Every structure is written in C-alpha cells, then in structure tokens.
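Engineer: My questions will all concern the structure given below.
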Amino acid sequence: MSQDKPTTHRSIAPGDVVRLSFGFADQSGAGDYEIVRIMPTRASGEREYRVRGADGHERAIGHDQIVSDGPRSARTRIG
C-alpha cells in the first residue's frame with residue numbers, strides 16, 4: 001500500500017515573505033522572497049507563485065521550493 005503526499009498547502013497570500021530551499025539557474029541563492037502573486041497550479045496539482053527577491057528580480061517557483069515554517073507578512077518590501 002503506497003502513501004500519497006497530502007495535497008494541503010499553507011495559506012500563502014501576496015505580500016507574504018517565504019524562505020526558499022535553493023537558488024535558481026541565474027545563480028541567485030536561497031533566501032527570503034516576497035510573494036507577488038499566486039499563479040495557476042501545475043498539471044501535477046502543485047501551486048506556483050511569482051516571487052521577488054532582495055535583488056528585485058521576479059521568479060516563478062513551485063510550492064515545493066518553500067522551506068519556511070509558515071509565511072509572514074512583509075512589513076517592509078524586500079529589496
């Protein structure tokens with residue numbers, strides 16, 4: 001009998017700040033990123049988000065890249 005991963009997601013909203021598990025192809029590192037918008041889910045059912053890092057660049061990420069215990073609101077914008 002196989003165990004499926006639960007499909008529940010933490011409540012993440014634009015303006016929240018999350019920590020990512022790894023960098024991107026452009027060599028930017030892991031760290032804190034502000035959620036800019038929630039994007040449509042992938043075919044696999046995984047949520048995707050548009051995020052902005054301290055460098056000001058926006059990127060698309062999957063929910064599985066988020067490693068923080070939970071989102072926190074950005075009192076001051078990142079970057």
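The values are calculated or read from the model by the stated rules, or taken from the named source; none is laboratory data. As the structure is a computational prediction, the values presented were derived from the model and not from experiment. Backbone-built Cβ (ideal geometry, glycine too); neighbour counts: all protein chains shown.
Engineer: Go over the candidates Arg37, Arg42 one by one and state the one that is basic (Lys, Arg), at pLDDT 60 or above and in a loop (DSSP other than H, G, I, E, B). Walk me through it before giving the result.
Structural biologist: On the way: Arg37 fails: in a loop (DSSP other than H, G, I, E, B).
Of the residues listed, the single one that is basic (Lys, Arg), at pLDDT 60 or above and in a loop (DSSP other than H, G, I, E, B) is Arg42.
Engineer: I'm trying to understand the selection: among the residues of segment 39-61, which are surrounded by 15 or more Cβ atoms within 10 Å (Cβ to Cβ) and either without any contact (Cβ under 8 Å) to a residue 24 or more places away in the chain or within 10 Å of the chain's Cα centre (by Cα) (or both)? Write out each step before concluding.
Structural biologist: The initial filter retains those residues of segment 39-61 that are surrounded by 15 or more Cβ atoms within 10 Å (Cβ to Cβ), namely 47-53, 59, 61.
Selection gives Arg47, Glu48, Tyr49, Arg50, Val51, Arg52, Arg59, Ile61.
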